[in-house]
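For reference, the structure discussed in these notes is given below.
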Amino acid sequence: MKAAVIAEHGAAPEYADFAEPEARDGCVRIAVETAGLGGWDVLGAYRLAMQYPCVLRGEGVGRAEDGRRVYFGERSVAPWGGWAEHTIVPAAEVWDVPDDVDDATAITMAIAGTGALIPLESAAIKPGEKVLILGATGVIGQLMLQMARVMGAGEIVGASRSESALAELTTKGLADTTVCLTGGDSDPAALKQAGGDGFDVVMDLVCGAPMVAALRATRWGARIVTVGTGAGAGINITAGDLLFRTLTTIGTGQRPPSDREAIWRRLLAMNAAHDFKIDYKRYDLPQIAQAWAAQKAGPHAKIVGAVRA
């Protein structure tokens, strides 16, 4: 079969032949139709337990052998993965897709959607509160902006390093105000100016220096929820920075499959009710090199690949 194959540690995936997945008890063999790519797939491609060659993992939508149209997460049985004509996935990780949900939406509302919703719910946004989303131009950030609005947030501020992507958020009405982060000394002042008398909630998708600057632009009673560490996992703060504030770090994938499926179905219902706007970049399986390069560069969009026409 054709697949996106990683030949060795550190190698980019290439369009190549790979052995068909072998049937095994407790698993479902899937003919993949659409695959998704995210930052977690780039990181996971070279984790210590990996054996090469292997198929690029990734989530996706396809057909089970009994004809069901199903979603599967990035938990294919190694060495197979979602970016291939066929994969094999533990049965608990295979969820039926409603007929009125397209492939891209089914994929986006799973890992990315969960990564937005669960941290936001932990922040317990109160009506009218001022919310800052750090890393707002990525897929999770785009979802957080819209979900925060649904949850009753007042002013919503988006921050990231891409001026053009931030402009798109404003044009689409997803953010009320934006802050372009430069990575320099001007960032703390820019965030304080956008925060006015202080942010009530900071949803932090980047950590590092931007999170510290955002923390110092909050008011007493603020909740800061860190989800990602793209700007660095280390921070240097004082006890005074956290005075009368709450800082939480949340992971969203460490849940039983049944819990993750229930969250996904809630997200599908939310999307049906609110029609969340997400940018996509679409590729075909033979274009995996371009898709991979786009993801590593930071696409400000959800990458999906057509595996079978």
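The values are calculated or read from the model by the stated rules, or taken from the named source; none is laboratory data. None of these values were measured; they are calculated from a predicted model. In this analysis, Cβ positions are derived from the backbone assuming ideal geometry, glycine residues included, and neighbour counts consider all displayed protein chains. SASA here: full protein model, heavy atoms, side chains in, ligands and nucleic acids out. Shrake-Rupley method; radii C 1.70, N 1.55, O 1.52, S 1.80 Å.
Remarks
- Selection status of E74, of a type in the set (D, E, K, R), in contact (Cβ under 8 Å) with a residue 60 or more places away in the chain and open to solvent by 10 Å² or more (accessible area, probe 1.4 Å): no
- Qualifying position, being modelled with pLDDT of 95 or more, open to solvent by less than 20 Å² (accessible area, probe 1.4 Å) and assigned to a helix (DSSP H, G or I), among A92, A35, A112: A112
- Top-ranked residue in segment 38-53 [being open to solvent by 20 Å² or more (accessible area, probe 1.4 Å) and in a loop (DSSP other than H, G, I, E, B); ranked as nearest to A84 (Cα to Cα)]: P53
- Pairs are defined by a Cβ separation below 6 Å, a sequence spacing of at least 6 or placement on different chains, a first member in segment 238-266 that is more than 16 Å from I140 (Cβ to Cβ), and a second member that is open to solvent by 50 Å² or more (accessible area, probe 1.4 Å) and not in a helix (DSSP H, G or I); the pairs so defined are F244/W220.
- Evaluated against (1) in a helix (DSSP H, G or I); (2) out of contact with any helix residue (DSSP H, G or I) (no Cβ under 8 Å at 6 or more places or on another chain); (3) open to solvent by less than 70 Å² (accessible area, probe 1.4 Å); (4) over 15 Å from T114 (Cα atoms), A273 falls short on exactly one condition, (3).
- Flag for T137 being in contact with a His (Cβ under 6 Å, 6 or more places away or on another chain), touching a residue at least 24 places away in the same chain (Cβ under 8 Å), β-branched (V, I, T) and outside any helix (DSSP H, G or I): yes
- A294 vs. criteria exposed (fewer than 14 other Cβ atoms within 10 Å of the Cβ) and free of Cβ contacts under 8 Å to residues at least 60 places away in the same chain: no
- Top-ranked residue in segment 114-162 [being of a type in the set (V, I, T) and under 14 Å from T177 (Cα atoms); ranked as nearest to the chain's Cα centre (by Cα)]: T137
- At least 1 residues being open to solvent by 30 Å² or more (accessible area, probe 1.4 Å) and modelled with pLDDT under 95 is the threshold, and among the strands (runs of 3 or more DSSP E) wholly inside segment 147-261 those reaching it are 246-249.
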